[in-house]
Amino acid sequence: FFSRPFARGRGFEEPESFLRAAREWAPQAILVVTWGDQGASLLIGDRFISEAAHPVSKVLDTIGAGDTFIAGFIHERVSGRTLEEALVQGCRLAERKIARDGFDGLVAEPVV
């Protein structure tokens, strides 16, 4: 898992080129990068998958949104969901997180 600030700190301005470059570090890994208000992307082998972020009416608290995304993604994978479903649900959970103050009442919703 990587973040947009990490990727930008290495000179990348978009997720796909960053993930393709990062492939050299871990050729067999599933690589995931969050891109803030633009969503998140992953790369497995040569397959690039991206999920756009949905607009949030009012951003209240972004602290922990990246960790929340990771938790949602991992939860979906250990629950048997596909990579695509995990990416979608990780994004949706992070969106719910930033629309509330803190973590109270924040739970993953099942894939529909």
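Each Lys and Arg Cβ is given +1 and each Asp and Glu Cβ -1; about its Cα centre, the chain then shows a dipole of about 120 debye.
Legend: residues Thr68, Thr82, sorted from most to least accessible area (1.4 Å probe; ligands, DNA and RNA excluded), read Thr82, Thr68.
Charged neighbours of Arg20, selected by a Cβ distance under 13 Å, balance to -1 (K, R count +1; D, E count -1).
With N counted as the residues of segment 26-112, its alpha-carbon radius of gyration over 2.2 N^0.38 Å works out to 1.06. Note on Gln28/Phe6: beta-carbon distance plugged into 1/(1 + (r/R0)^6) with R0 of 35 Å gives a FRET efficiency of 0.95.
The values are calculated or read from the model by the stated rules, or taken from the named source; none is laboratory data. What you see is a predicted model; the values in this text were computed from it and never measured. Glycine also receives a Cβ, built like all others from the backbone with ideal geometry; neighbour counts cover every protein chain displayed. In case anyone asks, the SASA skips ligands and DNA or RNA and just uses the protein heavy atoms, side chains included. Shrake-Rupley method; radii C 1.70, N 1.55, O 1.52, S 1.80 Å.
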